[in-house]
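Accompanying notes for the structure given below.
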Amino acid sequence: RIYSALVTETTLNISKLQLDECEYEDILEENPFMYKDVYTQRIHDTQEIRLGGEYYPGDCKPRYSAAIIIPYRQREQQLNKFLTYMHNYLRKQRIHYRIFLIEQFDRKPFNRAKLFNIGSVVAAEYGFPCLILHDVDLMPLNLGQMYACTECPRHMCSSLDEFRFNLPYEGLFGGAVAIRAQQFRFINGMSNMFHGWGGEDDDLYGRIIAKNLQICRFAPDYSEYTMLKHTKEVPNADRLAFLRSGPLRYHTDGLNSLIYAQKDFKLHNLFTHVLVET
Ligand code: UD2
Ligand code: MN
């Protein structure tokens, strides 16, 4: 079974409550369902979601813990849809998670990869063993895509409506991925040098392969996602040159060269907001 690679990892110390482990069979056996079922449900019971957008089930001990990191700037409509949908979806998975929104404050070209590096530093302060690096415009369609880390870094959105549910190329590692915090440190995170659109996801794939790790994917049925419609960003003209010379910089450009300024930090009801200057 594709789930056998999932391992137990929770950062919550709630053993004192003597709760039994959460049951996962229902979720894993469930048929694909349309996201509309979840999305049209409003969040009634926000009390269940803790300040900062953290959740864990109160009646059992979750087996998985994940920090969901969203790089963000000026996508407010998408963010609203994403938060409503994801909190409904994720709570059904009976896991422990927290949504971190890492917002780029400055007007420089958007730097998705650097925002993930920053998010990983913040998530480490909370002790999360698993990072989900996630676009704000993607929503999973099948409850079986566990928001938990597998032994191998996992590409989650391999069956995307935008790509007519096909994988464009084998090394695609953008959109939504799950990687252990330890592995993310091992590969020195992502590059800080990709500005604007494109290339940073392929560079991440290169870093993983260069460290002799392998990526994995769940079966297509479990990997169906929808992307909210938006206009295309202008590609970074230098991205291919940067990508080619990337391997020369894996060891010097990444978590170990990360410099940023935190402008604000706020706990909102549905997410933890970190505003940064890149
Ligand atoms: C593809 C990849 C994406 C990334 C990008 C190239 C998939 C499914 N998606 O997405 O992961 O590699 O190409 O950079 O493979 N964002 C903002 N504000 C902005 C610009 C971007 O918040 O002004 C964030 C937001 O979370 C967004 C993400 O960055 O979802 C990726 O940007 P995009 O959605 O414009 O790129 P797209 O759809 O071509
Ligand atoms: Mn997009």
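A few points about this structure:
- Hits in the range 209-234 (condition: within 16 Å of ligand 2 (Cβ to nearest atom) and of a type in the set (Phe, Trp, Tyr)): Tyr225
- Being crowded, with 19+ Cβ neighbours inside 10 Å and within 16 Å of ligand 2 (Cβ to nearest atom) is a condition met by at least one residue of the range 182-198.
- Those residues of the range 207-221 which are surrounded by fewer than 19 Cβ atoms within 10 Å (Cβ to Cβ) and under 20 Å from Gly189 (Cα atoms), in sequence order: Ile209, Ala210, Lys211, Asn212, Leu213, Gln214, Cys216
- Qualifying residue in the range 73-90 (condition: within 12 Å of ligand 1 (Cβ to nearest atom), hydroxyl-bearing (Ser, Thr, Tyr) and more than 15 Å from the chain's Cα centre (by Cα)): no
- For the range 222-232, filtered to residues that are loosely packed, with under 12 Cβ neighbours inside 10 Å and either of a type in the set (D, E, K, R) or more than 16 Å from ligand 1 (Cβ to nearest atom) (or both), the residue that is farthest from the chain's Cα centre (by Cα) is Lys232.
- Filter result for Leu133 (buried (at least 24 other Cβ atoms within 10 Å of the Cβ) and within 16 Å of ligand 2 (Cβ to nearest atom)): yes
- A residue that is within 16 Å of ligand 2 (Cβ to nearest atom), at pLDDT 95 or above and either acidic (Asp, Glu) or within 20 Å of Thr10 (Cα to Cα) (or both) occurs somewhere in the range 167-181.
- Any pair with Cβ under 6 angstrom, 6 or more apart, that starts in the range 52-71 at a residue that is part of a loop (DSSP other than H, G, I, E, B) and ends at one that is of a type in the set (Phe, Trp, Tyr): Gly53/Phe271; Pro62/Tyr56
- First in the range 213-236 and assigned to a strand (DSSP E or B), second anywhere and within 8 Å of ligand 1 (Cβ to nearest atom) and acidic (Asp, Glu), Cβ under 6 Å, 6 or more apart: Met227/Asp137; Met227/Glu162
- Within the range 167-193, if we keep just the residues that are touching a Pro at 6+ places or on another chain (Cβ under 9 Å) and part of a loop (DSSP other than H, G, I, E, B), the residue that is farthest from Ala66 (Cα to Cα) turns out to be Leu167.
- Taking the range 153-180 as the range and being more than 14 Å from Leu204 (Cα to Cα) and either surrounded by 22 or more Cβ atoms within 10 Å (Cβ to Cβ) or touching a strand residue (DSSP E or B) at 6+ places or on another chain (Cβ under 7 Å) (or both) as the test, the residues that pass are Met156, Cys157, Ser158, Ser159, Leu160, Asp161, Glu162, Phe165.
- Residues of the range 116-160 that are within 14 Å of ligand 1 (Cβ to nearest atom), in a loop (DSSP other than H, G, I, E, B), aliphatic (A, V, I, L, M) and closer than 29 Å to Ser257 by Cα: Val136, Met156.
- Subset tally (residues that are of a type in the set (Val, Ile, Thr), surrounded by fewer than 22 Cβ atoms within 10 Å (Cβ to Cβ) and in contact with a helix residue (DSSP H, G or I) (Cβ under 8 Å, 6 or more places away or on another chain)) for the range 87-129: 1
The values are calculated or read from the model by the stated rules, or taken from the named source; none is laboratory data. This one's a predicted model, so the numbers in the text were calculated from it and none came from an experiment. Heads up, the Cβs are rebuilt from the backbone with ideal geometry, glycines too, and the neighbour counts pull from every protein chain shown.
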